[in-house]
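The values are calculated or read from the model by the stated rules, or taken from the named source; none is laboratory data. Nothing here was measured: the structure is a model prediction, and the numbers come from that model. Note that we place each Cβ from the backbone using ideal geometry, even for glycine, and neighbour counts take in every protein chain shown. To get the accessible areas, we keep the full protein, side chains included, count just its heavy atoms, and leave off ligands, DNA and RNA. Shrake-Rupley method; radii C 1.70, N 1.55, O 1.52, S 1.80 Å.
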Amino acid sequence: VGERLLFGKSHIQSFLDIAQLIQRPQELEDTQTPPSIIYERLSDRTQSALIVAMLITSNPIVKDHIRMFLDKWRYSQLSINGNTLIEMGLPPGPEFRVILEKLHSAHLDGEIHNKAEEFDLLDELINEAYHGNPPTYNKNR
């Protein structure tokens, strides 16, 4: 239908995002849903879809979750990134994504609050990602 009306792909995607957010809000309507889950659910949605969904939903919890994502959670950044892991001597690989996503989730959920706590958790996540047998890496910060 969207193509027949000459809507571009981005507009069609926004319409689909809005429909999904309104018709199937799932964990968005639960006050106990951690920020990391909200982030995961909303991060691939278009900004226009999020704004429209926030405006038309009648659920105040969904509105609040979308607002928090737009105002705060999507800007959340760590002091650790892939370059940090490379500088520590870790070989690039799929483990990087797992480690960085878990660090980011812990940060969003308030489990870590500063750089020292990020690095403490990083050591645990490296050990976990490499199944208890991580490569030798520089633990100096």
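Quick check for you: with a 1.4 Å probe and neighbouring chains kept, what is the accessible area per residue of the stretch 1-139, in Å²?
62
Taking all protein chains as present, what is the carbon and sulfur share of the accessible area of the stretch 1-108, in % to the nearest whole number, probe 1.4 Å?
Details: 3650 of 6680 Å².
Ligands and nucleic acids excluded, carbon and sulfur reach 55 percent.
Averaging the inverse of every distinct alpha carbon separation and then flipping it gives the Kirkwood radius. What is it for the stretch 85-141, in angstrom units?
On the way: mean 1/r = 0.0865 Å⁻¹.
After inverting the pairwise mean of 1/r, the radius is 11.6 Å.
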Distribution of pairwise C-alpha distances over the stretch 35-101, 5 Å bins, in %: 3, 15, 23, 17, 11, 11, 9, 6, 3, 1, 0
task: At most 13 other Cβ atoms within 10 Å and a DSSP loop assignment: could you name the trypsin sites (Lys or Arg not before Pro) in the stretch 61-110 that fit?
output: K72
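Just to confirm a number: summing +1 for Lys and Arg and -1 for Asp and Glu over residues other than I112 whose beta-carbon lies under 10 angstrom from that of I112, what do you get?
Numbers: positive: K115; negative: D109, E111, E117, E118, D120.
Overall, the nearby charge balance is -4.
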query: So how exposed is E87, as accessible area in Å² (1.4 Å probe, rounded to 10)?
result: 140
- line: Treating only Lys and Arg (+1) and Asp and Glu (-1) as charged, each at its beta carbon, one finds that the chain has a dipole about its Cα centre, in Debye to the nearest 20, of 600
- request: Work through the residues other than T31 whose Cβ is under 13 Å from its Cβ and net out their charges, Lys, Arg +1 and Asp, Glu -1.
  value: -3
- line: Taking the chain and counting helices only, DSSP H stretches of n ≥ 4 at -39,500 (n - 2.57) each over all residues, the nearest-500 ellipticity at 222 nm comes to -17500 deg cm²/dmol
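Filter the chymotrypsin sites (Phe, Trp or Tyr not before Pro) in the stretch 73-135 down to the DSSP loop ones having no more than 16 other Cβ atoms within 10 Å, then list what survives. Kindly include the intermediate steps, with their values, before the conclusion.
On the way: sites: W73, Y75, F96, F119, Y130; in loops: Y130.
Passing sites in the stretch 73-135 are Y130.
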message: Based on C-alpha coordinates, I'd like the Rg and Dmax of the chain, in Å.
response: 18.7, 59
field: Relative contact order, percent, the stretch 1-85 [alpha-carbon distance under 8 Å, six or more residues apart]
entry: 30
